[in-house]
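Reviewing the structure listed below.
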Amino acid sequence: MTTAIEGYIFYEIAALLVLAAGVGFVGLLLRQPLIVSFIAVGILAGPSGLDIARSDEQIDLLAELGIAVLLFLVGLKLDFTLVRTLGPVALVTGLGQVIFTTIFGFLIALGLGLDARTALYVAIALTFSSTIIIVKLLSDKREIDSLHGRIALGFLIVQDVVVVIAMISLSAIGVGGAGDGALSDVLAVLGYGLAMLAAVAVFIRFIANPLVERLSRAPELLVSFAIGWAALLAAVGHYLGFGKELGGLLAGVSLASTPFREAIAARLASLRDFLLLFFFIALGASLDLSVLGASVWPAVVLSFFVLIGNPLIVLAIMGAMGYRKRTGFLAGLTVAQISEFSLIFMAMGVTIGHVAEEALGLVTLVGLVTIAASTYMITYSHSIYDRLEPLLGVFERRRVADGREDKPEDAAAHDVVLFGLGRYGLGIGSSLRDAGLRVLGVDFSPEAVRHAKSRGFDVLFGDATDPEFLGHLPLRQAKWIVLAVPEHDIGLTHDDPRRALLRAVRDLGFSGKVAVAAHRPTSVDDLTRGGADLVLMPYRDAAIAAAGMILGRERTPELARSPDGQKELSA
């Protein structure tokens, strides 16, 4: 009997995967975002459609693991310096958006004929935005590291804290508790949260680097550890009452200071996308279209409020704080939808008896509309901004605070990205650094990474032949990429991964120059045709330099200034 049940679950998951691939392919042909396609898969597979998705517990388990991995990867991009810098704007914007959305949403709901209690429930539900959907979209656009992406992540965390408080309070009311009980529960959760932050700080200070360095000697073990660590802290966060999302985020933050974070992120990206498929399927399957009833007109009004009003609220708050209109607009678009927690919050209200089931149907329809619409808004955010930019000047101060511009990379961008930290690579890096260039070193050897870091280099652990890893590197402002990996480590000319690297960095929008080390003369023409701007021959170059020194005409690479005043390499 057990075998038959397990077989049925396998058939169900197989059917969902095939359906997701088919609907996703159709969406791709129609140029639709994959998130919309996957939510459509959930609706088709749910009780309102084909009724395939019946194993709720198994699907939810995979979805929750996907959420933990997603927030873990986001946490890998954060550090305490960033949190300290963006904390004030995240707090003010997050709380301001919650307060203003609740007030205006309540007034609109009253105007639509809802009673005061239902209007308050609906207004609170409209304040929650979906951290999962927003982070996934920003990650796909590689904007999670941008200023507007980081600010959005900050006020989403503030929203999540508000969600926790709202859920705890509602649960206390539901079991007959009083306000004092709810307050004590909230204070307990905050205390647990501070204790967990302290534990993570100790882990970062004393354990993270040596532990991850040891694990990196077996890359498969490093991936297993990362998944287990994300799941563990997500489970601890859930057990202590502040949610799997914040627990998974803290797991990533705890490893963000290690030079291995980009390699971990690259290896987990595909697993994240696979597991999140089940989150979107579960979300779509939970939308019960049979309870929508006569909620269409109120849902249209409230959807317009969420899609337009929420971004305007964020834009106004950030403009008042001195941020540019572009940053405020792009960050504001991320709150143009409601969350899966909005549906849970309304369902709790129905269970307690505070609101009717029609109110749940209303919020469900608003969720369906806003999630789909905001996906397009975030996907095409820059095009939308270009069209609306002349109308947004009222939201920007004439004198914008210093540093509050939305730049795609950190202010401390690197001039040179150097792959290969052996003797030759470190020699190149040291000379470039002595000449005033900022060098980021990359190597797949934990020992080489540790040695380079001990010499003061900015370093990352990762594989130059991994396209996903390359996508995480700060290439946009670099002037040069230097590949100084020994030739015997990366293959021969006709099947040379260096050619793939040259193509990959160009596909990622890198517009600088690439220098590649080669030991075989036959490699030179092949690499030049592949796009290398400079082919370094270590032994030949050293021999020429040595002969020049012997003859009294020292001939070494020089640093010249380009017409725009930026330092560049020249042979």
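The values are calculated or read from the model by the stated rules, or taken from the named source; none is laboratory data. Here the structure is a predicted model, which is why all the values come from computation and not from measurement. Don't worry about glycine lacking a Cβ; one is built from the backbone with ideal geometry, like all the others, and counts go over all protein chains shown.
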Seminar exercise, completed: Reported set for region 228-253 where residues are surrounded by fewer than 24 Cβ atoms within 10 Å (Cβ to Cβ) and either among the polar types (S, T, N, Q) or in contact with a Phe, Trp or Tyr (Cβ under 6 Å, 6 or more places away or on another chain) (or both) is LEU240
Exercise. Considering region 252-261 alone, what residues qualify as being within 14 Å of the chain's Cα centre (by Cα) and assigned to a helix (DSSP H, G or I)?
Worked result: GLY252, VAL253, ARG261
Problem set entry | Flag for VAL212 being at pLDDT 85 or above, in contact with a strand residue (DSSP E or B) (Cβ under 9 Å, 6 or more places away or on another chain), at negative phi and assigned by TED's automatic domain parsing to the domain that holds ALA63 | yes
For this session: Being assigned to a loop (DSSP other than H, G, I, E, B) and modelled with pLDDT under 80 is the filter; apply it to region 506-543 and report the residue that is nearest to ARG423 (Cα to Cα).
Result: HIS519
Exercise. Filtering region 215-260 down to residues that are aromatic (Phe, Trp, Tyr) and modelled with pLDDT of 85 or more, which residue is nearest to PRO446 (Cα to Cα)?
Worked result: PHE225
For this session: Taking only region 209-224 into account, find how many residues are crowded, with 18+ Cβ neighbours inside 10 Å and either closer than 21 Å to LEU70 by Cβ or out of contact with any Leu (no Cβ under 7 Å at 6 or more places or on another chain) (or both).
Result: 3
For this session: May I ask you to list the residues in region 29-43 that are in a helix (DSSP H, G or I) and more than 16 Å from LEU137 (Cβ to Cβ)?
Result: LEU29, ALA40, VAL41, GLY42, ILE43
For this session: Select from region 44-57 the residues that are in a helix (DSSP H, G or I) and modelled with pLDDT under 80 and list them in ascending order.
Result: ASP56
For this session: Would you be able to say whether some residue in region 68-78 is within 22 Å of the chain's Cα centre (by Cα), modelled with pLDDT under 85, surrounded by fewer than 20 Cβ atoms within 10 Å (Cβ to Cβ) and of a type in the set (Gly, Ala, Ser)?
Result: no
